[in-house]
Amino acid sequence: MVTVKDLFKKEREAWLEEARVTAKKLLEDKSLITIEDVLKECPRPEYIHRNTTGNIFRCDDFVPVGWRKSERPLMNGRFVRVWRLGE
């Protein structure tokens, strides 16, 4: 029997995969990106918890290379990690 929790988990995993593909495509044209670049192209659906966003770069495909100030007003000048493609 499929539960609502199972459906949300599948939606979460599907969005994460789409966001990772988006990040890789962005890195074909740019050498460095942040989560903000990814979210512009692949917004997180409201029904997916915001903490899920941090999982996009948790794989071997990406390497952190530093930090920069966020450009989104919502972030109030906090720093976001900068990423490049892994080797």
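The values are calculated or read from the model by the stated rules, or taken from the named source; none is laboratory data. Bear in mind the structure is a predicted one, so any value in this text is a computation, not a measurement. No Cβ is skipped: glycine too gets one built from the backbone with ideal geometry, and neighbour counts run over all protein chains shown. SASA here: full protein model, heavy atoms, side chains in, ligands and nucleic acids out. Shrake-Rupley method; radii C 1.70, N 1.55, O 1.52, S 1.80 Å.
Solvent-accessible area assigned to carbon and sulfur over the chain amounts to 52 percent, based on a 1.4 Å probe. Under a plain spin-label model, where a point goes 7 Å from the Cα along Cα-to-Cβ, how far apart in nm are LYS25 and GLU87? That separation, rounded to one decimal, is 2.9 nm.
Directionally averaged projected area (the chain, Cα convex hull): 6.3 nm².
The mean accessible area for residues of the chain, using a 1.4 Å probe and ignoring ligands and nucleic acids, is 73 Å² per residue.
Tell me what the chain gives for mean residue ellipticity at 222 nm when only DSSP H runs of n ≥ 4 count, each as -39,500 (n - 2.57), the sum divided by the residue total, rounded to 500 deg cm²/dmol.
Details: 2 runs with 33 residues, N = 87.
Counting only the DSSP helices, I get -12500 deg cm²/dmol.
Take LYS30: with every protein chain present and a 1.4 Å probe, its accessible area is about 90 Å². Backbone N atoms of region 42-70 closer than 16 Å to the 7 Å Cα→Cβ label point of LYS9 belong to residues 49. Look at where the Cα atoms of region 1-21 and of region 42-68 average out, and the two centres are 15 Å apart.
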